[in-house]
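Notes follow the structure.
FYI, it's all coordinate maths here, none of it is from the lab. Values in this document were obtained by computation on a predicted structure and should not be read as measured data. All Cβ positions, glycine included, derive from the backbone under ideal geometry; neighbour counts span all protein chains shown.
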Amino acid sequence: MRIRVSSWLVTMLVAASAIGLWTAPAARAEAPGVAPWEAQNPVKPLPAEPLGVTGKLLALPNPPTPETVRLGRWLYFDKRLSADGTLSCASCHKPENAFSETTPVSTGIRGQKGGRKAPSFVNQAWTLAPVFFWDGRAASLEDQALGPVANPIEMGNTHEAMLATLKGVKGYPGYFQEAFGRPEHHQGGSPRRSPTTSAPG
Ligand code: HEC
């Protein structure tokens, strides 16, 4: 179970933090036939690589697609990943604060204070040093991506409970299908290559 969810959590981070698409789903004019929530978070073509980066997005080990980025954006801002529905990743890694926060330490579930501040992760896909956390204790995003969901002073959930909650959300199977080719993600799944780069789902 741990390994199954790690892949899409990593996709969510690498895909979206890498390419600067991090604006919270925002109100847009509704297109006919498109669900209101979907109009707020459409499939968008992948942008060019950030200035100064020589690597290519599609050459990354876990390359983003427009569909995985959209799924990642849903998950990143979804408070239902936490045990009591109060915290999303964006509650601590705030887009408006360069994905960090203005307080010296994070505040997790039920107001609990942690010991450290949430680091920024802009362009994390091209990090110079392949170590994560302030003390470098994680060697890859895979090593740490599941941590916050089950950390009792962060999101306070279990991975099993989180998956059960997400499975009960009507919209998600379609977005997982679109991104990974099946309605929920399994170990070894890889993002499906988008047939076009621009067509909204
Ligand atoms: C309660 C606040 C909080 C929430 C919610 C939270 N984080 Fe964090 N995050 C932190 C803190 C604090 C650290 C630094 C911990 C350390 O260095 O020991 C961190 C570190 C990280 C890092 C390492 C970044 C680096 O450059 O080393 C990543 C990646 C990350 N979090 C992703 C996530 C994801 C994905 C979610 C949602 C599933 C999430 N976080 C939810 C507080 C939070």
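Assorted remarks:
- If R0 is 30 Å, the Cβ-Cβ spacing of ASN123 and THR102 corresponds to a FRET efficiency of close to 0.90.
- Set LYS117/LYS167; LYS79/LYS167; LYS44/LYS94; LYS56/LYS167 screened for pairs whose C-alpha atoms are more than 24 Å apart: LYS117/LYS167; LYS56/LYS167
- Neighbours of TYR76 by Cβ distance under 14 Å: Lys/Arg scored +1, Asp/Glu scored -1, total +3.
- For the range 98-161, a Kirkwood radius taken over Cα pairs fed into Stokes-Einstein (20 °C, viscosity 1.002 mPa s) yields D = 167 µm²/s.
- Summary of packing: across the peptides 150-156, 57-63, the per-residue average of other C-beta atoms within 10 Å ranks them, highest first, as 150-156, 57-63.
- Taking a Cβ cut-off of under 14 Å around LYS170, the surrounding Lys, Arg, Asp and Glu residues balance to a net charge of -1, with basic ones at +1 and acidic ones at -1.
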